[in-house]
Amino acid sequence: MRYFWTVAPLSLLAAAWPARGRDNRAPSHHDGCGNNTAAVQWGPCDPTVIQNPSLSCGFFDVPLDYHDPSVGHGRLALAKINATGTRHGTIFLNPGGPGGSGLQVLNATSATLLALTGGNYDIVSWDPRGVGSLTIPGDIICFDNDAEYNAFWNGTIELSGIEMTGNFSDPQDAQALLSQAHVMQVKYEELGQRCLEHPTGKFLKYVGTAATARDIVALADALDGSGSPVNYAGTSYGSLLGSWMIQMFPERVGQVLLDGIIDPVIFSQKETPFWWTENELADADKVYEGFVTGCALSGPAGCPIASQGQSAADVDDSIQALLQRAHDAARKNGSVPVTSAVIRESLLGVMYTPVNWTMFANLALPAFDAAVRAELSNESVGSSLLSFLGIASQNAAKSYTPVAILCGDSVDRQGTTMEDVFKSIISSSKSGSKQFGTAWHEPFFYCPFWPVRAVERYQGPFNKKLANKVLVVSNTFDPVTPLAGAVSVAENLGDDAALVEQHGFGHVSVAEPSQCFNAIAFTYFASGAVPEQNRTVCEVDGDFELFKGVNTAAVLAAMA
């Protein structure tokens, strides 16, 4: 799933939503339970952020705690694109994260979404609780500036990442990681308290997924009428939000598409570090195999890191050699900016988006190689090269919204230690994802030490009878939400779900184009009809090339 660790600058959003000359919020109208009973008053959006003139903007008041109205209220910042045909209702879109901005996504994709849904729905997205500066509560902040952030984490793997080679075949790498267990546990516990004590800390228990599920239903009541079917599309983390919503409100399910699936059963049972290392990376190495296979098939004409006649294993050897050199440079000088951890994190990121594979192989990997060779020669890496690689001279302070949401939703603390977490990472790099098991830092690793859980968590069951069938979608090889999660969700829902497997790579179905899937989605939103078979396999469009002259079908055939 795509985890958004940064959001648009607060000053940018503050100036952009909606024009400050007037208040576009509806008057506060709440029933005895604190629910908003007023419609949204839509108005124009400030072009500083929303450049799409077809969108309108507004606010929607929500209770912080749906079970305790005395706690007070927040508000959601909304954007909408109007239906272009006969209106069937509203589709609510969550782009994942957690912490992703629905405003930004709708601004960029509204025309595509209208086409995919037949133009018969208004499409509404929003910055959920914990996101941005206009929704209240907004970004969860734990450090007021970059200097505070860097001082707090100085000298730890939070800034440097985890260095290892050969899947911890060198005992020194494992010992170096385990030696940081105590200090990192203390730091993570201190971080939790720091977040609690920050002004945004009072909202930590109100940004959970169950509350956001209730927000969607309240929005449906306000926009489409009380008790109306709730139509929803959620990708990545948005699939978990969708799974919770359809089980909390099974009688309200309208047209619901879940794409890039997190298995809610496993999430409700496991602590998040082990859920991540043992489950979510299950197919990551197969995506990487697709990457090196496509590069080898294309050869030097389309992928310069491959020599003529090289196999996928040869391309992999070249990348592993680069990682080894970067590891050696970091061991020689702990302050070098380009490390094996940095390269691995970049590799994992590009596994999400096959459309970027060619550019990464042609530009980024040679640039990483040049930087590492400079480090080994005791030369400084030029600022322009570091900038090209996206490596800043100082780490930027982050929004901790992804952590607050995931950890607020997580199972209760189990007494897990950071040593337990590190041992799980070491084990995963050997028996799970050999390429990406050491990815650090991901938001899941904080939860055993996070001090707060959400005021409401939905932990099952996940097999209730639904008012309408839902569409469950997954790529065959997804780096962070494996196909097994989609299969599990579909099996639990039984006849109330139809599974579509897009036979390709990347994170969520939009990673590669498929007219087959587009037709299924179009029909589903037009009529609610799903394919007759319980599981449909859609091929990726043949004219989409991963590398020059190489499409997805060719890569899959070579991997078979």
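Values as computed for the structure displayed
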quantity: Candidate set from region 528-537 (those that are β-branched (Val, Ile, Thr) and part of a strand (DSSP E or B)); member that is least open to solvent (accessible area, probe 1.4 Å); calculated: 536
quantity: Region 115-130 residues that are closer than 19 Å to residue 510 by Cα, paired with ones that are in a loop (DSSP other than H, G, I, E, B) and of a type outside the set (Ser, Thr, Tyr) (beta carbon under 8 Å, 6 or more apart); calculated: 118/85; 119/83; 119/85; 125/95
quantity: Sole exception among (1) open to solvent by less than 60 Å² (accessible area, probe 1.4 Å); (2) part of a helix (DSSP H, G or I) for residue 387, by number; calculated: (1)
quantity: Matching residues, region 491-527, being within 23 Å of the chain's Cα centre (by Cα), among the aromatic types (Phe, Trp, Tyr) and in a helix (DSSP H, G or I); calculated: 517
quantity: Search result, residues across region 136-152 that are more than 22 Å from the chain's Cα centre (by Cα) and either among the small types (Gly, Ala, Ser) or not in a loop (DSSP other than H, G, I, E, B) (or both); calculated: 146, 147, 148, 149, 150, 151, 152
quantity: Residue in region 192-207 that is within 18 Å of residue 420 (Cβ to Cβ), out of contact with any Asp or Glu (no Cβ under 7 Å at 6 or more places or on another chain) and either open to solvent by less than 40 Å² (accessible area, probe 1.4 Å) or not hydroxyl-bearing (Ser, Thr, Tyr) (or both) present; calculated: yes
quantity: Test: residue in region 269-286 that is under 24 Å from residue 430 (Cβ atoms) and touching a strand residue (DSSP E or B) at 6+ places or on another chain (Cβ under 6 Å); calculated: yes
quantity: Residues of region 71-108 satisfying the condition of being touching a strand residue (DSSP E or B) at 6+ places or on another chain (Cβ under 9 Å), over 27 Å from residue 444 (Cβ atoms) and among the polar types (S, T, N, Q); calculated: 82, 90, 107
quantity: Hits in region 287-315 - residues which are small (Gly, Ala, Ser), touching a residue at least 60 places away in the same chain (Cβ under 8 Å) and not in a helix (DSSP H, G or I); calculated: 301, 302
quantity: Count of residues meeting criterion [open to solvent by 20 Å² or more (accessible area, probe 1.4 Å) and within 18 Å of the chain's Cα centre (by Cα)] in region 108-125; calculated: 2
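Rundown of residues vs (1) among the acidic types (Asp, Glu); (2) under 30 Å from residue 405 (Cα atoms); (3) assigned to a loop (DSSP other than H, G, I, E, B); (4) open to solvent by 20 Å² or more (accessible area, probe 1.4 Å), yes/no style:
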{"residue": "326", "(1), (2), (3), (4)": "no, no, no, no"}
{"residue": "347", "(1), (2), (3), (4)": "no, yes, no, no"}
{"residue": "350", "(1), (2), (3), (4)": "no, yes, no, no"}
{"residue": "355", "(1), (2), (3), (4)": "no, yes, no, yes"}
{"residue": "364", "(1), (2), (3), (4)": "no, no, no, no"}
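The values are calculated or read from the model by the stated rules, or taken from the named source; none is laboratory data. Just so it is clear, the structure is predicted and the values come from calculations on it, not from any experiment. Cβ atoms come from the backbone with ideal geometry, glycine included; neighbour counts cover every protein chain shown. Quick note on the areas: whole protein, heavy atoms, side chains included, nothing else; ligands and nucleic acids left out. Shrake-Rupley method; radii C 1.70, N 1.55, O 1.52, S 1.80 Å.
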